[in-house]
Amino acid sequence: MSSAASIDLRDVRKQDLNHVWHPLMQYEGRSEDDLLVIVSADGCEITDSDGKTYLDAYGGIWNVNVGYGRDEIVEAVYEQMKTLPFYPMTQINVPAARLAARLAELSPGDLNHFYFVNSGSEANETAIKVARQYGRATHSGESRFKIICRYKGYHGFTMGAMSATGQVRRRAPFEPLAPGFIHVELPTADAHGADDIARVIEREGPDTVAAVLAEPVVGGGGVHVPPDDYFPALREVCDHYGCLLMFDEVITGFGRTGKLFAAEHWDVVPDVMTIAKGVSSGYLPLGACAVTEKVWSAFLGGADEGKEFAQVSTYGGHPACCAAALANIEILTRERLWENSEAVGAYLLARLKDLSSPLVKEVRGLGLMLAVELQNEDGTELDGERTKKFGGALRDAGVITGKMSHVMVGSEPVFTLASPLILTEEQADRIAGAFVTALRAIS
Ligand SMILES: Cc1ncc(COP(=O)(O)O)c(C=O)c1O
């Protein structure tokens, strides 16, 4: 465990307050002390400038799958930086080629071709463009450009990915967004979500729909696990109408839900899959858009046919990022971390379900992708103040979680958990204990 000596970072706090624009943060009324200054991390724990250690039950931001302090990744990056710090994808670099081949081995079905970018947003941006170009290439005379997505889904901050996002409060300030994105409700246990999508495709006109884009388990929108028959049925719907099924596995990939990829829970192979976050566990930024042989073949043609994919990213496929991802995947597969995610995730879920408080509305999730939704004692929605107090109490108890924010409307009292996949049962007990303490603090 690393312990940072108490560091005087008053200057840093001032510089931050005056000059750093943090995400999702209201600056009016903000003080220097609102946020922690995180100075080091090891395993599942992070340490702040006062030397206080917290259990990072959010895994950075759903992404530090192998945990902090993995020297193996750092050394791989160092070696790569010394040998070849950068070269663009206009030529071949060794780590990118090796990484793509490894990802092809590990990914579901024949998702064999990888376009590298720097983030999950860019991966989805790429997927949307792939779907539109694929639609044009394979259905001549039709204009297949519409992408069907779901409310509460999150796909990124860039204009295309934000247009696919179904979180009203995140979209509203930036409208109008890109045209051609249609949102449907998430499936519930008693509704036939895939049939709903089939109806929407019929109404929109099947020859206008390029793809359906979905997170296998919705993450930032509050952790929603679909009924088991949803994605197999949706696969059939997409095949029936000739549109692509695209999985956003940016959070769910690389062991988060107890399988290497969430698609494996239902034996469904998407036509397009986007990855980021856990592919490099945050050691360096990397994202990718993967396509099957069927999709790939639509991009093949003569030199003058214009079938190539006309997108270039300066840093996509950066050799150091790919080296980090390769070392990260080596750890993840050697330690079979999806198995720990499944086992300790089920243990933590059970502990949280035991909370038995009228303030807990629902506990849900899969693997180490969990959520605790709160309510008032009388079943009404917890207000913002009480939600904030609960989050503060968790932090005081030494546990950092995510908090769903800016999704739909209301105060959204959902606390999300996505710890590193190396979490132990003892650490899971600490998380559950912090929830008990925080519940007491707002009772
Ligand atoms: C499901 C999902 N897709 C895409 C993204 C966007 O990834 P990034 O923040 O790396 O651009 C996120 C980010 O949280 C995400 O949760």
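Tabulated data for the structure shown
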| read-out | value |
| --- | --- |
| Residue 335/residue 86 FRET efficiency (R0 35 Å; Cβ-Cβ; nearest 0.05) | 0.70 |
| Dipole in debye (nearest 20) - the chain, about Cα centre, beta carbon charges: Lys, Arg +1; Asp, Glu -1 | 600 |
| Heavy-atom accessible area per residue - the range 71-334, 1.4 Å, Å² | 41 |
| Candidate lysines - alpha carbon under 25 Å from residue 129, same-chain residues fewer than 8 apart omitted | 146, 152, 277, 294, 307 |
| Of 165, 274, 53, the one that fluctuates the most in a GNM where the chain has Cα springs shorter than 10 Å | 53 |
| Percent accessible area from carbon and sulfur atoms, the range 53-104, protein chains only, probe 1.4 Å | 61 |
| Computed magnitude of the charge dipole of the range 71-334 (debye, nearest 20; Cβ of K, R +1, Cβ of D, E -1) | 660 |
| CD proxy at 222 nm, helix term only [per DSSP H run n ≥ 4: -39500 (n - 2.57); per residue of the chain; nearest 500] | -11000 deg cm²/dmol |
| Of all DSSP beta bridges in the chain, antiparallel share, percent nearest 5 | 65 |
| Unit charges on C-beta of K, R, D, E only; dipole of the range 263-401, Debye | 420 |
| Nearby aspartates and glutamates by direct alpha-carbon distance to residue 403 (threshold 12 angstrom, same-chain neighbours under 8 apart not counted) | 373, 412 |
| Charge-dipole axis of the chain as Lys and Arg at +1 and Asp and Glu at -1 on Cβ define it, positive-most pick from 108, 217, 165 | 165 |
| GNM top mover of 163, 40, 281 - the chain, alpha-carbon springs below 10 Å | 40 |
| Positive-end residue, the range 71-334 charge dipole about Cα centroid, Cβ charges, pick of 134, 321, 261 | 321 |
| Fluctuation leader among 202, 362, 32 - the chain, Gaussian network, Cα springs under 10 angstrom | 32 |
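The values are calculated or read from the model by the stated rules, or taken from the named source; none is laboratory data. Since the model is a prediction, treat every value here as computed from it, not as a measurement. Cβ: placed from backbone, ideal geometry, glycine included. Neighbour counts: every protein chain shown. Just so you know, the surface numbers come from the protein's heavy atoms only, side chains and all, with ligands and any DNA or RNA stripped out. Shrake-Rupley method; radii C 1.70, N 1.55, O 1.52, S 1.80 Å.
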